[in-house]
1. Considering the stretch 113-132 alone, what residues qualify as being part of a loop (DSSP other than H, G, I, E, B) and open to solvent by 40 Å² or more (accessible area, probe 1.4 Å)?
2. Mind counting the residues in the stretch 617-628 that are touching a residue at least 40 places away in the same chain (Cβ under 8 Å) and within 20 Å of Leu592 (Cα to Cα)?
3. Given the condition assigned to a loop (DSSP other than H, G, I, E, B), at pLDDT 85 or above and surrounded by fewer than 21 Cβ atoms within 10 Å (Cβ to Cβ), answer yes or no: does some residue in the stretch 414-435 qualify?
4. Please work out which one of (1) open to solvent by 60 Å² or more (accessible area, probe 1.4 Å); (2) away from the ligand (no atom under 16 Å from the Cβ) is the condition Gly247 fails and give its number.
5. For the stretch 185-206, indicate whether the set of residues that are touching a Gly at 6+ places or on another chain (Cβ under 9 Å) and free of Cβ contacts under 8 Å to residues at least 60 places away in the same chain is non-empty.
6. So, in the stretch 316-342, of the ones that are open to solvent by less than 20 Å² (accessible area, probe 1.4 Å) and part of a loop (DSSP other than H, G, I, E, B), which residue ends up modelled with the highest pLDDT?
7. Checking the condition more than 23 Å from Arg658 (Cα to Cα) and under 30 Å from the mean Cα position of the chain (by Cα), which residue from Asn211, Asn205, Asn216 passes?
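The values are calculated or read from the model by the stated rules, or taken from the named source; none is laboratory data. On a predicted model such as this, the values are computed, not experimentally measured, just so you know. Cβ sites come from the backbone with ideal geometry, for glycine too, and all protein chains shown count toward neighbours. Quick note on the areas: whole protein, heavy atoms, side chains included, nothing else; ligands and nucleic acids left out. Shrake-Rupley method; radii C 1.70, N 1.55, O 1.52, S 1.80 Å.
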Amino acid sequence: MQGFFDTKIEFLKGVGPQKAALLNKELNIFTYGDLIQYYPFRHEDRTKFYDIKEVNGSMPYIQVKGKVRHYELKGPPRKQRLIVYINDGTGELELVWFKGAQWMLKKIQPGVEYVVFGKPTVFGSKLNLAHPEIEVATQANTAGGYLQPVYSSTDLLRRKYLDSKAISKLIKTLLDSALPKLRETMPAVLLEQYALLDKQNAIANIHFPKNLALLNNAQFRLKFEELFYVQIRLLKLKLTRIDKFRGISFDNADLLNEFYTNHLPFDLTNAQKRVIKEIYKDMRSGKQMNRLLQGDVGSGKTIVAFICLLIAIGSDTQGAIMAPTEILATQHYTGLKEFADKMGLRIALLTGSTKKSERKIIHEYLKSGELHILVGTHALLEEVVQFKKLGLAIVDEQHRFGVAQRSKLWQKNTDVYPHVLVMTATPIPRTLAMTLYGDLDISVIDELPAGRKPIKTVHRYDSNRLKVNSFLKEQIDLGRQVYVVYPLIEESEKLDLKDLMDGYESIARAFPEIPLSIVHGKMKPDAKEWEMQRFVKGETKIMVATTVIEVGVNVPNASVMVIENAERFGLAQLHQLRGRVGRGADQSYCILISGFKLSKEARTRIETMVRTNNGFEIADTDLQLRGPGDLMGTQQSGVLDLLIADLGKDGKILQSARQAAQAVLNDDPNLSEPKNSVIKTQIASMKKTAVNWSRIS
Ligand SMILES: Nc1ncnc2c1ncn2[C@@H]1O[C@H](COP(=O)(O)OP(=O)(O)OP(=O)(O)O)[C@@H](O)[C@H]1O
């Protein structure tokens, strides 16, 4: 059976080597199996017939049934157009062909009834359909109506006569012989429990649905199946890892207690407490922890990370934090050092710009175990960086590390694997997290520390700059500090830098007495650090910067964030930037400045920012706007090669599919029972790897 679906597409009637090459190249369709799974992206509703008198020029597509009253050819011989007048007893409609008039003429017979489908337009004062589809009513497949599939095609394919219609024909040809050969790919229990359509019917109806209800059922079944297999593979991966990898069991809580009793700078939020409990439980379990910690900007992840490090250090192991950029690594280092110093723990920072002599000392102390915490960039991954015993590896991720890089860090120990905590500062919608990080356990800090006032966000046009400036002046007079951020997009770095410099000069002119800082990616690390420090200490009042300050910067006295060219930023980035203010007790503001001309999407982004401060809500909107492919660099990850499900829209189906997968594995972890053999076979036959299996290697 399997062989049939592996048949090369060129052997299908009507394809041949040339078309096959095009289908390979343009649509990634190589085999019968690929073509069957090339699902239509919508269906045209051909179930409804309009009375001609109801039709108007604003309708998208319409279908009518009527008799040809007469026709005429107009225009010079080479540019003849054919006009056919069709009447259904309620009114008359013109059908027009500008090309192929003579050919069409052969098909049209006065007095015969036709089914006509097309887009109505008004020309002069008359309604007409240009180049409609037309079939003799008695031959048209409209018994009970039908929904016609629309397949996405490409310009090249259309030029080579492989438009949606032609693809549909190929699929129809294939289905005739393929349907009887299709085997069921879901276990009977789940088919029943979730009222899923059987495979043959699902495939038949996803392409050529008998009615709308069957189309919906077919879509549900195929989406459910797709997500079920993504989830079961992720969950299986997790089970394998739990079985295979022992983790160090930490049970000495002395350091933790000392910190709680003597040094805790504030009461933890309930969310922080809950998350610490979840992590502590993992770290004592004897199994390797693999957990994702999500928290909105400013939700207090640093102290949670520190407490987790204390758990590891308390049992005579070391901790590491790896961050994607030098700025972020430095920020973590500064944040953690404050706590570490209080506890008399040794902490060091290792990045690309750490001096050689310093590096050597770090390497030595790390190996001897005298260094408790190492913070750094991917410099941590180098061979020479050897721990005495790494107990906890924290990876601050933001999707910037590859899975392989991440696992390199936790392979630093040869005997037992360290526990792994992946942190993200950008909230990820639940559906995406469940798929991208579906093999990890997830903890969420969904509460901000008490007393934080929500940041007030407004949108202002360039032309209002004077008003904005006088507001900034007011705030500075009140003792606050201000960020002004310019976009930095790599392709046009030079231009962006010019924008930033121009902006800096105009701010300097508008606020001649106020000391300014400037920070951008092209500056030397020392100079950057010096400028940052001046701002942190309050010596400068306005920080003009590019997005280098996007993550991690923590200056509680800075309470105004001005974002220039806000329309050029993505939602996640805007939210991150806004998160740099609102970190103290004062009322904070975010001012999004843009030009007048805004794309629809840019407007939605700005409106979303003005409407809400909730990072998870913003992440959801981002997912809706951009689709998962674009989001957070997931495009190359291969995790989201979904054929039919859409993580932006199918969250509910995903949840049920995950529950189903979890239940199957709880009951039969090795999938060895006969009732689950279909799952085993299906997993083995899946060639499109939705999950990066190298994670556990
Ligand atoms: N429970 C708490 N009560 C009061 N203040 C807190 C609490 N937790 C953290 N903070 C303070 O809130 C600020 C933000 O915390 P932190 O820098 O850890 O946030 P974060 O989650 O890392 O956010 P970001 O990703 O935006 O940097 C810090 O000044 C920190 O000291």
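1. Within the stretch 113-132, Lys119, Gly124, Ser125, His131 meet the criteria.
2. Total satisfying the criteria: 5.
3. No; the residues of the stretch 414-435 include none that is assigned to a loop (DSSP other than H, G, I, E, B), at pLDDT 85 or above and surrounded by fewer than 21 Cβ atoms within 10 Å (Cβ to Cβ).
4. (1)
5. Looking for residues that are touching a Gly at 6+ places or on another chain (Cβ under 9 Å) and free of Cβ contacts under 8 Å to residues at least 60 places away in the same chain, one finds none in the stretch 185-206, hence no.
6. Thr317
7. Every option except Asn205 fails the conditions.
Residues checked against (1) assigned to a loop (DSSP other than H, G, I, E, B); (2) within 16 Å of the ligand (Cβ to nearest atom); (3) in the same structural domain as Glu338 (by TED's automatic domain parsing):
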residue: Pro209; (1), (2), (3): yes, no, no
residue: Leu215; (1), (2), (3): no, no, no
residue: Leu227; (1), (2), (3): no, no, no
residue: Val230; (1), (2), (3): no, no, no
residue: Arg233; (1), (2), (3): no, no, no
residue: Leu239; (1), (2), (3): no, no, no
residue: Pro265; (1), (2), (3): yes, yes, yes
residue: Ile276; (1), (2), (3): no, yes, yes
